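Structure first, then comments.
The values are calculated or read from the model by the stated rules, or taken from the named source; none is laboratory data. What you see is a predicted model; the values in this text were computed from it and never measured. Heads up, the Cβs are rebuilt from the backbone with ideal geometry, glycines too, and the neighbour counts pull from every protein chain shown.
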Amino acid sequence: MTRRTNLTAGLHPAVPAAAAVPPPGTWFPAGELPSPRRWFGPSEGAVPLADGGALVAGGALAGDVPTAEALRYDPVAATWAATGALGTARHSHSTTVLADGTVLVAGGIGTGRPPAAGRLASAERYDPATGEWTATAGGMATARSLHAATLLPDGRVLVTGGEGDRAPRAPGRSLFSAELFDPATGEWSPAAPMADSRLGHPQVALQDGRVLAAGGRRSTGSGRGVGQGFCELYDPAADAWTRTGSLAAARAGHQATLLADGTVLVTGGDGPGIRFERGFVPFSQWRTERYDPATGAWTPGENMPDGRTCHRAVALPSGRVLVLGGADSATLTTGYATAALYDPLTRSWAATGGMAAHRYLCTATPLPDGSVLAAGGTVRSGRALPVPGADELTAATEVFWI
């Protein structure tokens with residue numbers, strides 16, 4: 001059964017029954033989340049399940065209060081439904097689908113404020129068959145948030161970097177350390193540390209089994225920290241990191257996407273902060289770069305139609321890449337509704353249909369039927385708010401038809 005047949009048969013009931021097959025690049029509304037929320041981490045957010053749906057666990061509610069709520073998305077009914085709750089409320093954690101279809105959630109930020117609470121070392125495992133969570137045997141050696149997590153070819157999970165506690169009520173510090181989770185034993189063990197500390201960094205499993213950590217933020221002790229261009233590769237067989245080519249532009253808030261030919265596309269990130277004709281460029285990064293694992297080098301890619309940071313990028317079954325949402329890094333006041341498609345064969349970008357909701361720090365998940373599920377995120381913050389106060393989040397969910 002093709003996706004077109006599925007759609008007209010009611011896979012996404014938000015589409016009117018009498019509607020013709022929609023044109024590519026169309027977004028359809030789906031059932032809203034129970035409440036508005038957002039996701040900060042590079043490995044946080046919804047993940048696809050074997051039944052064709054998706055799971056989201058935890059996240060930040062209004063006021064950045066962490067939640068223990070876990071939700072499953074049903075693509076037939078186009079609705080979210082509660083499943084077993086996490087044992088510990090958290091946001092800024094990682095969520096990884098394991099080889100057996102279970103899901104691992106690790107680390108993040110818990111309820112309260114340090115020292116009563118703060119960053120977490122605990123981890124939990126979800127069984128889609130029972131809808132229940134079980135704590136792993138022990139937790140990570142280091143409490144961390146905004147870290148990256150990657151499933152390795154042998155079934156283990158590599159967790160790297162992130163932000164760790166510096167001192168009670170003090171800004172966090174970016175981490176060098178890495179850890180491994182073995183689903184066979186349910187235990188954590190140390191992995192070789194990275195050469196550079198980083199947090200909020202995208203991490204990509206390459207076709208040869210190695211893992212690429214690209215750029216990311218480095219803590220400076222206050223504020224959001226600074227972006228970096230340093231990149232490195234992890235070899236699971238040798239448990240060793242080696243430096244590889246650096247990005248031409250230091251990046252944070254960017255995305256890295258594995259392409260069908262084995263290269264990696266990096267998009268967006270915080271703006272370059274260039275003073276041009278006596279004016280400051282407030283926009284986010286619009287230049288892209290492409291990494292070749294065979295040479296270890298980055299080369300300039302094609303410019304996106306618009307710069308964006310805190311966006312999402314998803315590889316599609318066609319080999320193209322969908323980039324959606326985001327914001328400008330100078331103010332982070334208003335989320336974008338725009339989306340764009342990158343074609344690696346023609347090395348070109350094209351604008352595609354925009355979302356109904358403006359959003360950044362959202363989640364975007366490829367579903368088994370080839371569509372993309374976008375949910376939650378920040379709509380407005382700071383000076384964009386009609387009345388100063390907490391950021392405006394959204395519960396809206398939309399599905400992208402390709």
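Key figures for this structure:
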item	result
Residue list for the stretch 89-111, restricted to those being modelled with pLDDT of 95 or more and either in contact with a Cys (Cβ under 6 Å, 6 or more places away or on another chain) or of a type in the set (Ser, Thr, Tyr) (or both)	Ser92, Ser94, Thr95, Thr96, Thr102
Sole residue being modelled with pLDDT under 95 and either surrounded by fewer than 22 Cβ atoms within 10 Å (Cβ to Cβ) or β-branched (Val, Ile, Thr) (or both), chosen from Pro128, Pro114, Pro153	Pro114
Count - residues of the stretch 202-247 that are modelled with pLDDT of 95 or more and part of a loop (DSSP other than H, G, I, E, B)	13
Residue among Gly354, Gly377, Gly382 that is crowded, with 20+ Cβ neighbours inside 10 Å, more than 30 Å from Asp292 (Cα to Cα) and not hydrophobic (A, V, I, L, M, F, W, C)	Gly377
Residue under evaluation Leu206, criteria (1) surrounded by fewer than 23 Cβ atoms within 10 Å (Cβ to Cβ); (2) in contact with a Leu (Cβ under 7 Å, 6 or more places away or on another chain); (3) under 21 Å from Ala121 (Cβ atoms), criterion not met	(3)
Of residues in the stretch 305-316 being at pLDDT below 95 and surrounded by fewer than 23 Cβ atoms within 10 Å (Cβ to Cβ), the one nearest to Ala337 (Cα to Cα)	Asp306
Residue in the stretch 343-351 that is within 17 Å of the chain's Cα centre (by Cα) and either among the hydrophobic types (A, V, I, L, M, F, W, C) or surrounded by fewer than 16 Cβ atoms within 10 Å (Cβ to Cβ) (or both) present	no
Ala121 farther than 21 Å from Thr363 by Cβ and modelled with pLDDT under 95	no
Close pairs (8 angstrom Cβ cut-off, 6 or more residues apart or separate chains): at pLDDT 90 or above in the stretch 264-288, exposed (fewer than 12 other Cβ atoms within 10 Å of the Cβ) and of a type outside the set (Ser, Thr, Tyr) anywhere	Arg287/Pro300; Thr288/Pro300
Residue that is part of a strand (DSSP E or B) and closer than 30 Å to Gly353 by Cβ, where the choices are Leu33, Leu104, Leu55	Leu55
One residue from Ala129, Ala141, Ala149 being assigned to a loop (DSSP other than H, G, I, E, B) and in contact (Cβ under 8 Å) with a residue 12 or more places away in the chain	Ala141
Subset of the stretch 317-337 that is farther than 27 Å from Gly262 by Cβ and surrounded by fewer than 19 Cβ atoms within 10 Å (Cβ to Cβ) - its residue that is nearest to the chain's Cα centre (by Cα)	Ala337
Residue in the stretch 100-110 that is on the phi > 0 side of the Ramachandran plot, in contact (Cβ under 8 Å) with a residue 40 or more places away in the chain and crowded, with 17+ Cβ neighbours inside 10 Å present	yes
Condition broken by Thr365, with the remaining ones in (1) touching a residue at least 24 places away in the same chain (Cβ under 8 Å); (2) part of a loop (DSSP other than H, G, I, E, B) satisfied	(2)
